[in-house]
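First up is the structure itself, then whatever we jot down about it.
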Amino acid sequence: MIEAKGYAAQSPTTDLAPWAFERREVGPHDVQFEILFCGVCHSDLHQIRNEWFPGIFPMVPGHEIVGRVTNVGSHVKKFKVGDLAGTGCLVDSCRECDSCKEGLEQYCENGAVGTYNSYEKDGKTPTYGGYSNTIVVHEDFVLHISPDLDLAAVAPLLCAGITTYSPLKHWKVGKGHKLGVLGLGGLGHMAVKFGVAFGAEVTVLSTSPKKEEDAKKLGAHKFVVTTDEEQVKGVKRYFDFILDTVSAEHDINMYLSLLKRDGTHICVGAPSEPSKIHAFSLLAGRKSLAGSGIGGLPETQEMLDYCAEHNIVSDIELIDIKDITASYERMQKGDVRYRFVIDMATL
Ligand code: NAP
Ligand code: ZN
Ligand code: ZN
């Protein structure tokens with residue numbers, strides 16, 4: 001086994017702290033890479049606190065992982081030692097179901113293997129994420145990273161990037177569309193960048209008036225403070241699409257009223273509590289309520305290549321891993337500009 005070190009939560013009520021653990025030896029199809037940077041996703045916080053479901057502890061979070069290859073198995077064709085590499089939310093899937101065959105591994109009908117808080121396909125070996133120094137992943141679940149971009153700022157593309165890119169592509173959001181991005185955090189700020197790049201008119205819908213200037217810098221055309229009734233009135237029946245990235249309970253009915261006839265509200269944010277939807281919010285105007293989960297491996301590579309070509313990265317605050325708990329506290333208050341990324345050299 002390979003000795004690894006990282007930060008883990010030992011239970012849902014304890015803070016992250018240093019922890020030594022083991023990773024599997026590099027198999028014939030595995031790539032091992034040194035983790036240089038790992039983004040901090042709100043899903044990390046949801047999971048270490050058991051907000052979604054009872055987690056697997058000790059838990060090493062982190063699924064926005066980038067680094068440099070240190071070892072490859074004998075059959076590995078796609079990577080060599082020294083290459084840049086990345087891994088997102090998935091490290092394996094059944095590879096046989098319709099979704100896997102279509103490159104939509106995130107919807108694997110037999111349950112994809114998450115990068116952490118999950119079990120390998122043997123059903124008993126826990127997976128550990130990117131708040132650590134090294135990782136071993138099957139080459140099919142390792143992504144190529146362009147050397148032309150700032151590596152730390154690429155890390156968040158592996159989750160925040162693909163989670164917003166994928167639905168915008170699926171619903172063909174672009175020129176002539178009015179897109180509302182609900183919540184300006186890690187996912188939200190990437191949604192603004194992609195929405196603008198795809199040619200949509202982008203409006204940020206935010207609870208934080210102080211983010212207006214940043215939103216405009218990110219390329220947003222409009223900014224609406226959702227706690228200001230007058231401003232909200234100005235965008236009634238306005239949007240073709242709303243991409244909802246909010247991490248906490250919020251009234252979706254209110255936002256459905258901002259959609260045009262035939263508009264679509266797409267949930268990517270994953271609050272722990274269910275939402276109450278009034279049928280009238282949907283039937284008046286034939287509206288759709290939809291959702292989207294991360295992205296499959298082919299589309300994640302496509303997104304990374306698109307970002308390299310268009311010079312798109314995340315806006316980040318680089319942190320020392322010792323400050324992870326303080327960063328979670330800031331994230332919970334909506335105070336992230338716009339993604340924390342751990343500099344793994346501080347481990
Ligand atoms: P984040 O950086 O904390 O951003 C969330 C934003 O939501 C905040 O910045 C804030 O924006 C807004 N917000 C927070 N509480 C709110 C409230 N009570 N009412 C209205 N708005 C509120 O989080 P993130 O990393 O972007 O993740 C967002 C959500 O997506 C999380 O639930 C995460 O688990 C989920 N997620 C889902 C997927 C997927 O596959 N679908 C993938 C990754 C993450 P303003 O200050 O602008 O209001
Ligand atoms: Zn994530
Ligand atoms: Zn499958």
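The values are calculated or read from the model by the stated rules, or taken from the named source; none is laboratory data. These numbers come from a predicted model, not from an experiment. Here Cβ is always computed from backbone atoms with ideal geometry, including for glycine, and neighbour counts include all displayed protein chains.
List of remarks:
- Test: residue in segment 86-105 that is within 17 Å of P147 (Cβ to Cβ) and either within 10 Å of ligand 3 (Cβ to nearest atom) or of a type outside the set (K, R) (or both): yes
- Restricting F53, F33, F21 to those that are in contact with a helix residue (DSSP H, G or I) (Cβ under 9 Å, 6 or more places away or on another chain), away from ligand 3 (no atom under 16 Å from the Cβ) and not aliphatic (A, V, I, L, M) reduces the list to F53.
- Within segment 123-156, tally of residues that are out of contact with any strand residue (DSSP E or B) (no Cβ under 8 Å at 6 or more places or on another chain) and under 15 Å from D305 (Cα atoms): 3
- Residue in segment 238-260 that is in the same structural domain as S43 (by TED's automatic domain parsing), closer than 21 Å to H63 by Cα and acidic (D, E) present: no
- V313, sole failed condition from (1) surrounded by 14 or more Cβ atoms within 10 Å (Cβ to Cβ); (2) closer than 28 Å to F53 by Cβ: (2)
- When G188, G195, G129, G180 are checked against the criterion of being over 25 Å from V81 (Cα atoms), within 16 Å of ligand 2 (Cβ to nearest atom) and buried (at least 20 other Cβ atoms within 10 Å of the Cβ), G188 stands alone in meeting it.
- Sole residue being hydroxyl-bearing (S, T, Y) and within 16 Å of ligand 2 (Cβ to nearest atom), chosen from Y119, Y165: Y165
- Residue in segment 232-247 that is touching a residue at least 12 places away in the same chain (Cβ under 8 Å) and under 30 Å from V137 (Cα atoms) present: yes
- Matching residues, segment 70-98, being in contact (Cβ under 8 Å) with a residue 60 or more places away in the chain and within 16 Å of ligand 1 (Cβ to nearest atom): G86, T87, G88, C89, L90
- Filter pass, H46 being outside the structural domain of A270 (by TED's automatic domain parsing), crowded, with 24+ Cβ neighbours inside 10 Å and within 16 Å of ligand 1 (Cβ to nearest atom): no
- Taken together, A215, A220 contain a single residue that is at pLDDT 95 or above, of a type in the set (G, A, S) and not in a loop (DSSP other than H, G, I, E, B), which is A215.
- Candidates I135, I162, filtered to the one that is away from ligand 1 (no atom under 14 Å from the Cβ), crowded, with 23+ Cβ neighbours inside 10 Å and at pLDDT 95 or above: I135
- Every condition in (1) out of contact with any strand residue (DSSP E or B) (no Cβ under 8 Å at 6 or more places or on another chain); (2) surrounded by 24 or more Cβ atoms within 10 Å (Cβ to Cβ) holds for E105 except the one numbered (1).
- Q47 vs. criteria polar (S, T, N, Q) and part of a strand (DSSP E or B): no
- Restricted to segment 16-35, and to residues there that are among the aliphatic types (A, V, I, L, M) and in a loop (DSSP other than H, G, I, E, B), the residue that is surrounded by the fewest Cβ atoms within 10 Å (Cβ to Cβ) is V26.
- Tally of residues being more than 17 Å from A200 (Cβ to Cβ) and in a loop (DSSP other than H, G, I, E, B) across segment 225-236: 5
- In the condition set (1) within 15 Å of ligand 1 (Cβ to nearest atom); (2) not in a loop (DSSP other than H, G, I, E, B), E249 is compliant with all but (2).
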